[in-house]
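Read through the structure below, which is laid out as structure tokens, and then see the notes.
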Amino acid sequence: MIQFNHLVLSISLIIWCMVHSVLISHKFVSMMSAILGKRIRFYRISFNIFSLVTFIPIIIFAISIRGEYFFRWTGYFQIIQGIVIFISLYLYLAGARHYNVLQFLGIHQIKYFSNHKSLTESGHLDTSGILSIIRHPWYSATILILWARNLEFSVLIVNTILTLYLILGTYLEENKLIIEFGEQYRLYQRRVSMLFPYIWFKSKISARNIFE
């Protein structure tokens, strides 16, 4: 049964997601760039700090109202959990080979007085390695790691809202990348899956059938 605390948690998290989306949106960042001028290089790190500082109380509250678990990764399920966690870590590490982590944190912008919407090292569209299999490995990894936890109602609320937000956030991110790369990114979208590598799996299955 949904309790008042669960309602507070849901509303708080939804508000956090909405504010987070607005602050990182192309329109808002462009407006802030016009206002701040060269000081816009501090925007990304300020955004990250603000997001973290405002997210921590929500998580602390979620932990404080935690109830009994209705699902635990026990027995043979622990094998599945281990596989999910391994895949998540692999996606994080594989993505880090192509992304500029310093730009993600906001340090690159301050140090080099430059910014681009793509997180790749060069700023150009990178479609190699893990990015030739899925377009957003870090988002996929985060969704997987969320659901690799034992479940009770507050965890279920957090997981559901954040998963929906990550999917929505991926689409918003795609719009920014289309603005930056245009038709080049649209072609990339048609060749490579967004979060789950069904196009890659489909190509592997088709290739296997040809040689059988």
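The values are calculated or read from the model by the stated rules, or taken from the named source; none is laboratory data. This structure is a prediction, so every number in the text was calculated from the model and none was measured. Ideal geometry is used to build each Cβ from the backbone, glycine not excepted, and the neighbour counts take in all protein chains shown.
Can you tell me which of LEU146, LEU172 is modelled with pLDDT of 95 or more and either aliphatic (A, V, I, L, M) or in contact with an Asp or Glu (Cβ under 8 Å, 6 or more places away or on another chain) (or both)?
LEU146
Can you find even one residue in segment 126-133 that is surrounded by fewer than 15 Cβ atoms within 10 Å (Cβ to Cβ), of a type in the set (Ser, Thr, Tyr) and under 19 Å from VAL22 (Cβ atoms)?
No, there is no match, as no residue in segment 126-133 is surrounded by fewer than 15 Cβ atoms within 10 Å (Cβ to Cβ), of a type in the set (Ser, Thr, Tyr) and under 19 Å from VAL22 (Cβ atoms).
Surrounded by 16 or more Cβ atoms within 10 Å (Cβ to Cβ), hydrophobic (A, V, I, L, M, F, W, C) and touching a residue at least 40 places away in the same chain (Cβ under 8 Å): does that describe ILE59?
Answer is no for this residue.
What number of residues within segment 1-35 are surrounded by 13 or more Cβ atoms within 10 Å (Cβ to Cβ) and more than 20 Å from LEU168 (Cα to Cα)?
Final tally of qualifying residues: 5.
Among the candidates THR74, THR54, which residue alone is of a type in the set (Val, Ile, Thr) and not in a helix (DSSP H, G or I)?
Result of the check over THR74, THR54: THR74.
Say we look at segment 94-104 and pick out the residues that are of a type in the set (A, V, I, L, M) and within 14 Å of the chain's Cα centre (by Cα); which of these is modelled with the highest pLDDT?
The selected residue is ALA96.
Among residues belonging to segment 47-56 that are free of Cβ contacts under 8 Å to residues at least 40 places away in the same chain and polar (S, T, N, Q), point out the one that is nearest to ILE107 (Cα to Cα).
The qualifying residue nearest to ILE107 (Cα to Cα) is SER51.
Given the residues TYR90, TYR112, which is the only one that is modelled with pLDDT of 95 or more and exposed (fewer than 15 other Cβ atoms within 10 Å of the Cβ)?
The unique qualifying residue is TYR90.
For segment 137-149, state whether one or more residues are more than 14 Å from PHE70 (Cα to Cα) and touching a Phe, Trp or Tyr at 6+ places or on another chain (Cβ under 6 Å).
Yes, segment 137-149 has at least one match.
Restricting attention to segment 71-87, report how many residues are small (Gly, Ala, Ser) and surrounded by 12 or more Cβ atoms within 10 Å (Cβ to Cβ).
So the answer is 1.
Please specify each residue of segment 26-69 satisfying the condition of being within 19 Å of LEU9 (Cα to Cα) and of a type in the set (Lys, Arg).
If the condition is that a residue be within 19 Å of LEU9 (Cα to Cα) and of a type in the set (Lys, Arg), then ARG66 is the only one that fits.
Could you tell me which of the residues ILE87, ILE14 is over 19 Å from TRP138 (Cβ atoms), among the aliphatic types (A, V, I, L, M), out of contact with any Cys (no Cβ under 7 Å at 6 or more places or on another chain) and part of a helix (DSSP H, G or I)?
Being over 19 Å from TRP138 (Cβ atoms), among the aliphatic types (A, V, I, L, M), out of contact with any Cys (no Cβ under 7 Å at 6 or more places or on another chain) and part of a helix (DSSP H, G or I) holds for just one of ILE87, ILE14, which is ILE14.
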